[in-house]
Amino acid sequence: MICFPNAKINLGLHVVSRRPDGYHGIETVFYPVPLCDALEIVPAEAFSFHTYGLAIDGPADDNLVMRALAAMRRQADIPPAAIHLKKAIPFGAGLGGGSADAAFMLKLLRDYARLSLTDDALERMAVRLGADCAFFVRNRPVMATGIGDVFSPADISLAGYHIAIVKPAVSVSTRAAYAAIRPAKPAVPLSEIICRPSTEWRDMLKNDFEAPVFTLHPTIGAIKEQLYTLGAVYAAMSGSGSAVFGLFDREPSLPPFAGCFVWQGRL
């Protein structure tokens, strides 16, 4: 059994509050994009985990795929399997690749073991693995609030747009990015901005992390400006970075972006 965990982008990201538990309240739109890993389960005599593609840091047991397996095994009997993960979504990019792998693993295990678990049940399991993991259970555009774990439908479609994603060889510390932000509610709620034509987003749809991250890593800000120069209707950093995406109304001709991961597709 095989599935293809996909990435997401953030359309706007406002850090609106600092919570008593030390986390931050946010508002953002999660939007799925067709940059995908590949995740496969094959019946076997014992559990095993194999990775391919982009190198994965850290021990295998701490990978979100294996943490999802452990969470599911606490809920139900899962027949032994060989698990294969081919990574194509870059790490530390703000694209949710690890979270997608975890959520798709839960869905794949449900089918593999023929479990009668609802999507609601999977979301409750997923959110314990990471705040945005639950988004990938239903995998459709949502307005995310709370710490990125409270969802409401987002009536938005980017169908027909071309998207380019560029990730430089730069790591962004999410902790440092949050530390540099003074939380505040925006003058215009994101729910209103996102309903406006995409041609108006450039001046209105903001990611609060961009200012501090671009100061620390000017290369990331330069990529955003280059995407606009290439004709993007809208460009922004996703999450706390370091990937930047551009939306185009026609297929762009991209330069090499030396030293960067570059991907483009159609939404």
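Skip the ligands, DNA and RNA, and give the accessible area per residue of the range 135-207 with a 1.4 Å probe, whole Å².
Normalised by residue count, the accessible surface of the range 135-207 is 55 Å².
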> Is the range 1-52 rounded, prolate or oblate when judged by the Cα gyration tensor, a ≥ b ≥ c being the square roots of its eigenvalues, rounded requiring a/c under 1.5 and prolate requiring a/b larger than b/c?
Replying inline: oblate
>> Compute, for the range 111-206, the length of the dipole vector about the Cα centre, with Cβ point charges of +1 (Lys, Arg) and -1 (Asp, Glu) only. Units Debye, rounded to 20.
In response: 340 debye
>> Probe radius 1.4 Å, ligands and nucleic acids ignored: give me the carbon and sulfur share of the accessible area of the chain as a rounded percent.
In response: 51 percent
> Which of these, L205, L158, L227, has the largest mean-square fluctuation under a Gaussian network model of the chain (Cα springs below 10 Å)?
Replying inline: L158
> Size of the dipole of the chain about the Cα centre, Lys and Arg at +1 and Asp and Glu at -1 on the beta carbon, nothing else charged, in debye to 20?
Replying inline: 200 debye
> Tell me, what is the Rg over Rh of the chain, with Rh the Kirkwood radius over Cα pairs?
Replying inline: 0.97
> Percent relative contact order of the range 135-210, based on C-alpha pairs within less than 8 angstrom and at least six residues apart?
Replying inline: 21 percent
>> Limiting things to C-alpha atoms, what are the Rg and the maximum Cα-Cα separation (Dmax) for the range 15-156, in angstroms?
In response: 15.5, 50
>> Taking amide H atoms as placed 1.01 Å from N in the peptide plane, list the residues 5 or more away in sequence, or in a different chain, whose amide H sits under 5 Å from that of K206.
In response: L13
>> Quick check on the range 145-186: take the gyration tensor over C-alpha atoms, sort the square-rooted eigenvalues as a ≥ b ≥ c, and tell me if it's rounded (a/c under 1.5), prolate or oblate.
In response: oblate
>> If packing is taken as the average count of other Cβ atoms within 10 Å, what order do 95-106, 70-81 fall into, highest mean first?
In response: 95-106, 70-81
> So which helices of the chain fit the span-like rule, where a helix is a whole DSSP H run, its Cα atoms reach 20 Å or more along the axis, and its mean Kyte-Doolittle is at least 0.0?
Replying inline: 97-112
>> Using protein chains only and a probe of 1.4 angstrom, how many square angstrom of L117 are accessible, to the nearest 10?
In response: 50 Å²
>> Which residue, S191, V172, N207, has the largest displacement toward the positive end of the dipole of the range 165-209 when charges sit on each Cβ (Lys, Arg +1; Asp, Glu -1)?
In response: V172
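The values are calculated or read from the model by the stated rules, or taken from the named source; none is laboratory data. Bear in mind the structure is a predicted one, so any value in this text is a computation, not a measurement. Glycine also receives a Cβ, built like all others from the backbone with ideal geometry; neighbour counts cover every protein chain displayed. Protein only, heavy atoms only, side chains kept; ligands, DNA and RNA dropped before computing areas. Shrake-Rupley method; radii C 1.70, N 1.55, O 1.52, S 1.80 Å.
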